[in-house]
Every structure is written in C-alpha cells, then in structure tokens.
Amino acid sequence: PVQTSPAIEVKEPAATSNNEDLESFLLRLGPALSYYDVLQVASTATPEEIKKSYYDLARKYHPDRFRKDSDADQQARIDSAFAKITQAYDTLRDPRSRSTYDSKLQAQARAKTLRDSAPAAFGANAPPPPLEHVATAEEKPQESSIPLSDVERAETSFKDGFAAKQLGQINTAIGMFSTAARLVPTDARYRAYYGQALAAHPGSRRLAEVELLAAVKLDPKNAEYRLMIAELYRDLGFAVRARSELEKVLSTTPNNQKARELLRTLK
C-alpha cells in the first residue's frame, strides 16, 4: 500500500511574533537543499529522529495554521515549503526510497568533486593567449570580445565534460567539451580535452588531431597536451609523429615518466 504522511493536529499561531520565525523558515527552504537539510537531521539520522523532526516542523508550520492571516502569495509560499517537508519525509521514512535517494546524493557529490578537480585556467584567471588562426571548433571572435556569459558557460560545460569523462561517459563528455571549445576556442584546455575525448572513437580521430594540434599551438609548452597527441598518433599508427611529440616533451621535462613509458612502447 502507498504510504501517506499522517494527519497532524494543528493549532492557530500563538502570536504575530511568529511571523519572523515563519519568514526565517521560508527563507531556509528557499535554496535547493537535500531532504536531510529540509528536515534538519543528519544523513545518519534514525527513522525515529526523522519522524520526530517531521512532526515538530508540521506542528509549527502546517499551512492550515496560517490560512486565516496570510494573503494568497504568502500562503502559496507556505504551501510550497510544507510540500518540500512532506516530500522529504515520505522519501526518508521508507528504507528503499531512502537508499535510492542516498545513492543519488553520493553520485551528485562525486560528480561535484570531479568537476572541481577539472584543470584550471593557467595563471590567476588569466585569459588564454590570442588566437592567430586555429580551427575547427566554430569560428568565434577573439577572447577579449567574447561575452562574459559565453566564457562562464564554456567553463561550466568544460567542468561538466571533465566529470563525465572521469565517470566513463565519453559521449556526454564530447558534447560538453564541444560546447566549451565552440564558445571559447582560444582556451587550450577546451580544445585539448575535446580532442582527447574525440580520440576515444576511431571514426573521429582525424577531428581529434585537429583539436589537439590547436591546443598545442595555443599552449606549446604544455607537456600534457603533447602527450595526448602522441597517444593519438600511436593509436593511428603514426609512430614517427608520436616519437617526435614525446621527444619534445622530454626535452622540457626529462623525468616525465609517462612520456618515457609511451616512448618505450614505440620501439
């Protein structure tokens, strides 16, 4: 049978001073919170603690307590807030739905950690170097003339793509990296990681080469990008080109273990 939240005995507010408390309650539930935050319990809370918190909140903030003195807008806010509380309780009081919800929170936390670990722009928020002429992410104006909204969207897409790539969601990563590279083609990170993701599919390795070459041209001293293109050349069977890129890496970073190991596989 479908569980429903039990009826709550409600009482009229004791005084208008409760208005300040009500407003704080509504503001607290405004942002996107977890169900545990909504009920003000720890993620390790017992079923009894979850039930007690729900009943405490329901007695104080049940919408019926405020219908007589609230205008339509205020009552709509109260109804919406209490609906969040009910949804949180209905999810967390059932062991199976709580387990599913906990798994979702864990996945979101992991994705956020991966997004936050995405490579940052070089320098302290320094803009990328000017682009002479490198294609093929769609042609856009110079970085200085790119709207700030596009720069922010590009960075968000890049971080989402990086998280997707780390989670093995290559096609999703390709889409995100493509958006970043199209919006701000002068950022070598976007071109490099877009190229690396494309290289995962044999049918898009030629486009991957174009993107990786663009990244290397934008940031020629970046050993990581040269390693990416060396790996691509190895996969394409271009051993001479791969060796050339690896030698360039080792000329600037002689102790680069990854480059040395990759070079050994070419001999």
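Taken together, the residues in the range 158-195 that are in contact with a Leu (Cβ under 8 Å, 6 or more places away or on another chain), surrounded by fewer than 22 Cβ atoms within 10 Å (Cβ to Cβ) and not aliphatic (A, V, I, L, M) amount to 1. Scanning the range 68-118 for residues that are surrounded by 14 or more Cβ atoms within 10 Å (Cβ to Cβ), touching a residue at least 12 places away in the same chain (Cβ under 8 Å) and either closer than 28 Å to Asn222 by Cα or among the basic types (Lys, Arg) (or both) turns up Arg77, Lys84, Arg93, Ala111, Leu114, Arg115, Ala118. Candidates in the range 215-242 are the residues that are β-branched (Val, Ile, Thr) and crowded, with 16+ Cβ neighbours inside 10 Å; of these, the one that is farthest from Gly195 (Cα to Cα) is Val216. Considered as a group, the residues in the range 128-160 that are assigned to a loop (DSSP other than H, G, I, E, B) and touching a Ser or Thr at 6+ places or on another chain (Cβ under 6 Å) include one that is modelled with the highest pLDDT, and that residue is Pro128. Taking the criterion of being free of Cβ contacts under 8 Å to residues at least 60 places away in the same chain, in a loop (DSSP other than H, G, I, E, B) and farther than 27 Å from Arg110 by Cα, would at least one residue in the range 161-182 satisfy it? No, there is no match, as no residue in the range 161-182 is free of Cβ contacts under 8 Å to residues at least 60 places away in the same chain, in a loop (DSSP other than H, G, I, E, B) and farther than 27 Å from Arg110 by Cα.
In this entry, Leu236 is excluded by the filter for residues that are hydrophobic (A, V, I, L, M, F, W, C), over 24 Å from Gly161 (Cβ atoms) and at pLDDT below 95.
Matching residues to (1) within 28 Å of the chain's Cα centre (by Cα); (2) at positive phi; (3) at pLDDT below 95:
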| site | (1), (2), (3) |
| --- | --- |
| Arg67 | no, no, yes |
| Ile78 | no, no, yes |
| Thr91 | yes, no, no |
| Ser103 | yes, no, yes |
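The values are calculated or read from the model by the stated rules, or taken from the named source; none is laboratory data. The shown structure was predicted, so the numbers you read here are calculated from the model rather than taken from an experiment. Every residue, glycine among them, receives a Cβ derived from its backbone with ideal geometry; neighbour counts consider all protein chains shown.
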